Every structure is written in C-alpha cells, then in structure tokens.
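Here the structure comes first, spelled out in structure tokens, and everything after it is commentary.
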Amino acid sequence: MFEKLKAYLSPPDSKYSSKEILIWLWDAWKGNRLQAFLNAFIGLAEVVVSLTAVWAIQNAIDIASGVKPGSIYWAVALMGLLTLTNFGLGIGSVWIRNILGVLARNRMQQRLLDRILRSEWHSKEKRHSGDVINRLETDVGQVINFLTEVVPSTVSTVTLFLGSFFYLYSLDRALSLIIVVMVPVVAILSRVYMKKMRQLSKDVRSSDSKVQSVLTETIQNRMLIKIMESDDAMVDKLENTQSELRKNVVKRTWFSVIANFILNFGFSLGYLIAFLWSAIRLSNHTLTFGGMTAFLQLVNRVQGPAKNLTKLVPQFVYVFTAAERLMELEENPLEEQGHPVYVKAPCGVRLENVSYAYEEGGKVIDNLSFDFLPGSCTAILGETGAGKTTLVRMILALMRPQEGKVLIYNGHDTKELSPLMRCNFVYVPQGNTLLSGTIRENLKLGKLDATDEEMEEALRMSCADFVMDLPEGLDTICSESGGGLSEGQAQRISIARALLRDRSIMLFDEATSALDPDTERHLLQNILEKHDKTVIFITHRPAVIDYCDQTLKVEKI
C-alpha cells in the first residue's frame, strides 16, 4: 500500500533538474528586475499600511469605549488616510502590472523567437507550430507573472506574516505560538502536494498544446477541409483532443480541491480557537474590546499570509512546468553565429562527393559532384523524392552533407558553405509565401530600405507591374498566405521580393509553376538578360529548361 501511494505521489523524472530550472528562471529574471522591485516596494508599503490600520482600528475603538483618552475624530481621520493610501498603492500596483507586465512578456517572447529563428533548421520539426505558439503565449505569461508578481508578493507576504506574528505575540504569546505551529505542518503537506501537482500540470499543459495544434492546423487548411467535406471529422478531432484536456483538468482540479479543503479546514479550526481564546480573555477582563478586535485581525493577518504561502506551491508547480516547456524550445543548437561572409560576385557553387540520408527514409543523395558555374543558369531535374529539395537545402546551408562538401567559389577564392554565407543567396520557394500585410511590407522583406522606385522596378522585372494598377498600389493589403491574390500574382510578387534582395546566386523552386507560358518566358528573359547572376531552377517546365546553360538530373536511389 505504501509503495502504491508513493508511486501515485511521485511523478516521472523531469527532463531538467530543479537546479537547472531555477538557473534558467534567474537568467530570465534579469531583464525584469525593475518591475519586480517596484512590486516588492508596493507590497511592503501595503504591509506597513495594513499593520498600522490594525493599530488605528484598535485605537479608535478604545477611544470610543472610553478605555483610553483621545479624539475620536482624529482617530477616524487616521483610518481614512490609511484607506486612501491603500487605494493609491493598489492603483500603482495595477499600473505596474499592466504596463510593465506586457513589456516583460514581449521581451521574453522576442528573445525566444529570436532563439528559434537562429537555431539549426530541421526538415522534420519536433513540435507542431500550434504547440510552439501555445508555449510562447501561455507559458511565457506564467513565467513572467511568477517572476514579476509572485516573487515580489512573496516578500510582502512573509513580511506581513512576521509583522503580524510579533504584534500578536505582544498581545498573547501562547496563542501566537499555537497559530504558528501550523506552518511546518503546512510545509510538509505542500511538499507532497507539489510532487503530484507538477505532473498533473504538465499533463494539462500538454493537452492544451494539442488543442491549439488542432485549431491552428484546421484554420490553416480550412479550404482543403471544405473541399474534402471533412468539417465533421475535424470538429470530432477537436472534440477528442479537448476531451483529453478536460479529463486532465478534472484530475488536477479534484486533487487541488481536496488539498485546499484540508488546509482551509486547519486554518478555520485555528481561527475558531483564537476566537474562543480572545472571548474568554474578554470575559475575564484581561483584554479590551478593541484589543480583541485587533487580536482577531492579527490572527487573520497571520493566517492570510500562511494561506498565500501555501498558494505558492501551485505557483511553483506551474512556473516549473512552464519553464521546462520553454527550455525545450531552446534545445535545438544554434547555427553558426557571426557577421555575414560575402563572396565577391560572380560566384558559383560546387558539390564534391556529397551524400545525405534521412533516418526514416534512407539515402536520397549518394556521392554527387556538380559545378554550378559562376554566371551560369542550371535546371535541376528529377522525380519526386529524388532529393532535389534536400540538395537545395544543402546549397542554402540549412542542412550539412553527411559526406562530402558544398563549396562557394569565384575566380580567386573557394570556401566551404556555412550559414554565415547565406547572405550570398536569394531563394524563391515553391508555393505561396506572402505574409499578411501590404504588398509594400512583403517586398521590404527583401530589402528593408527599398524605395518605391526600386520596388516598382522589381515588380516590372518579375512581370508583377499589375500591382501599380491596383487601387491601393503598393499599399494593397493581402490576407494570410497572400489571400486576395491569385497563385500566379503571389508568385510574381515573391520573385520581385527576391530580386530586391539582389544577391549573387538565385534559387527558384518551381517558382513559375502558376504562370502562363507567355508570362513565364517574359519573366525568364528579364531575370537572365544580364547574365550577372548564378541562377538555379528546380523545375519540370520545358520553357525553363530551354533557357538554362546546363541541367543536373538527380536520380531516385
């Protein structure tokens, strides 16, 4: 029985130790210390006001009952002043939480997104995009709330507990010690609670991420779902995922309710004992009515912080779970970092005995050698699954060959390709790659400081000058994935964006697949007329092949 209970209360080993998580949280706290210190200052000020208010109420009651001399008007005025001060501190706390809190969340989201973007790229990502978004929103919020709200409030809570205890101790030593004896008991129960709650919270967060993943994927592919008439199937899939989330929430809620009932029962029993004790002292004339009022308020102020300290346990559970999920986003190693390495144009790419194999799919490229000569135009041909996409990813330094080398060279210098040399490339991927926003904003991804004249010239070169005839021109708004434009229009704007980038080596992955033959020929003539770029096409289009100097045919292994 004991072993079963121990197994139930002990979750599986965490991926990270508590020390590692605390170090990560300490590092995350560095940029948010101003907000934490301000919250701590306000919390301590509220403690001083709270304890002073206890004395002020006792003083006013004793004056009103004739136990001590003084002006009841001044006593009540002091109570009013303390109330107004407390209101002011509350307003300051809300202001700090809302203004500095959103800045803190923004900073952490930016840091994590920057880390994700700079990490090594993998063709098969470990996590669904919906899961990543869920972590960047919900888990970041929990971490920031803990660092900037929970930790500072703990300082004021402990201060209030100690101040109330010593005030209570000055009124009645015996009872103050009895009340405080409950704290170690609470600490022991909290340790048991934390072990189980951490696993339950991890299950809830994991289920929540799955729900967001289903929602994200469904919204992204709603046209396909409508065409396939799979509306009911996707709603059922969401229901099944939500059902798992609900079950995990119910488990966590039951455990939390039972634990809180036990703790609150203990605190309520302690308050009843304190009330009885003070009532007996009042009836024996060893305590004034004002003293009894202060006495019971102090018991509340001792028990209140003690309750709040027990609430820290689930807060620690939640933040440890959230921190662990965010630390997982940083597991992927960073690409080589440093200043971009430009190679003097014209430059080409050379493959020397390159091989690559996927774990799940086997070898796709085997001992391939080829020279994409500076200033040449090459068509890469091959059936689906032959390794064309893998080859392009290696040329773009997104992936490294497992054998052999990928080199970039000109007439004077030859270097092995690295991510720092990606600055020499322009890439137009297959499909619609426009982002939501204006056409101007999409084009400026190619060159941030591009002028209207430069953008118009790039649109003309890519046969996308139709943009200038639109009512809003460059300020025409596109929805997600270029919504509002045809596939052919979106492709030409993507090519214009690449032309604005203006780099030595240009890669086009089926970038003209949605164009009619006349537009395609005109576009190719514009791109290739100067012969000053090394151009690589991944294509099945005969018109493209006709414009190329050489072809590379990759065979399926």
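The values are calculated or read from the model by the stated rules, or taken from the named source; none is laboratory data. Worth saying up front: this structure is predicted, and the values here are computed from it rather than measured. Cβ atoms come from the backbone with ideal geometry, glycine included; neighbour counts cover every protein chain shown. The area values use the complete protein model at the heavy-atom level, side chains included, leaving out ligands, DNA and RNA. Shrake-Rupley method; radii C 1.70, N 1.55, O 1.52, S 1.80 Å.
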Scanning for something touching a strand residue (DSSP E or B) at 6+ places or on another chain (Cβ under 7 Å), touching a residue at least 24 places away in the same chain (Cβ under 8 Å), more than 18 Å from GLU335 (Cβ to Cβ) and surrounded by 21 or more Cβ atoms within 10 Å (Cβ to Cβ), does segment 391-404 turn up at least one residue? yes
Considering segment 328-352, residues that are in contact with a Ser or Thr (Cβ under 6 Å, 6 or more places away or on another chain) and modelled with pLDDT of 90 or more, and then whichever is surrounded by the fewest Cβ atoms within 10 Å (Cβ to Cβ), we arrive at GLU352
Give just the number: which of (1) within 24 Å of ILE408 (Cα to Cα); (2) of a type in the set (Gly, Ala, Ser); (3) surrounded by fewer than 23 Cβ atoms within 10 Å (Cβ to Cβ) does ALA511 not satisfy? (3)
Checked segment 542-557 for anything open to solvent by less than 100 Å² (accessible area, probe 1.4 Å) and assigned to a strand (DSSP E or B); matches are GLN550, THR551, LEU552
Looking at VAL192, VAL183, VAL150, which one is at pLDDT below 70, in a helix (DSSP H, G or I) and under 29 Å from LEU44 (Cα atoms)? VAL183
In segment 513-551, what residues are free of Cβ contacts under 8 Å to residues at least 24 places away in the same chain and hydrophobic (A, V, I, L, M, F, W, C)? LEU524
Selection from segment 215-234 of residues that are in a helix (DSSP H, G or I) and either exposed (fewer than 14 other Cβ atoms within 10 Å of the Cβ) or at pLDDT below 75 (or both): ILE219, GLN220, ARG222, MET223, LEU224, ILE225, LYS226, ILE227, ASP231, ASP232, ALA233
Kindly indicate which of ALA40, ALA77, ALA45 is free of Cβ contacts under 8 Å to residues at least 12 places away in the same chain, open to solvent by less than 60 Å² (accessible area, probe 1.4 Å) and either touching a Pro at 6+ places or on another chain (Cβ under 6 Å) or not hydroxyl-bearing (Ser, Thr, Tyr) (or both). ALA77
Of all residues being buried (at least 17 other Cβ atoms within 10 Å of the Cβ) and at pLDDT 85 or above in segment 96-130, which is farthest from the chain's Cα centre (by Cα)? Just the residue, please. ALA104
If we scan segment 119-129, do we find a residue that is part of a helix (DSSP H, G or I) and either among the hydroxyl-bearing types (Ser, Thr, Tyr) or free of Cβ contacts under 8 Å to residues at least 24 places away in the same chain (or both)? yes
Given the residues SER18, SER14, SER93, SER50, which is the only one that is open to solvent by less than 50 Å² (accessible area, probe 1.4 Å), more than 29 Å from PHE165 (Cα to Cα), of a type in the set (Ser, Thr, Tyr) and at pLDDT below 85? SER14
Just wondering, is there one or more residues in segment 447-454 that are modelled with pLDDT of 90 or more, β-branched (Val, Ile, Thr) and over 14 Å from ARG497 (Cα atoms)? no
So which residues in segment 369-390 are open to solvent by 20 Å² or more (accessible area, probe 1.4 Å), hydrophobic (A, V, I, L, M, F, W, C) and farther than 18 Å from ASN353 by Cβ? LEU373, LEU381
If you go through LYS237, LYS202, the only one that is within 24 Å of ARG127 (Cβ to Cβ) and at pLDDT 80 or above is LYS237
Just one of GLY43, GLY66, GLY31 is modelled with pLDDT under 85, outside any helix (DSSP H, G or I) and not polar (S, T, N, Q); which is it? GLY66
Any residue at all in segment 396-412 that is in a helix (DSSP H, G or I) and either in contact with a Pro (Cβ under 8 Å, 6 or more places away or on another chain) or among the hydroxyl-bearing types (Ser, Thr, Tyr) (or both)? no
For segment 136-156, which residues satisfy the criterion of being touching a Leu at 6+ places or on another chain (Cβ under 8 Å), closer than 19 Å to SER213 by Cβ and open to solvent by 20 Å² or more (accessible area, probe 1.4 Å)? LEU136
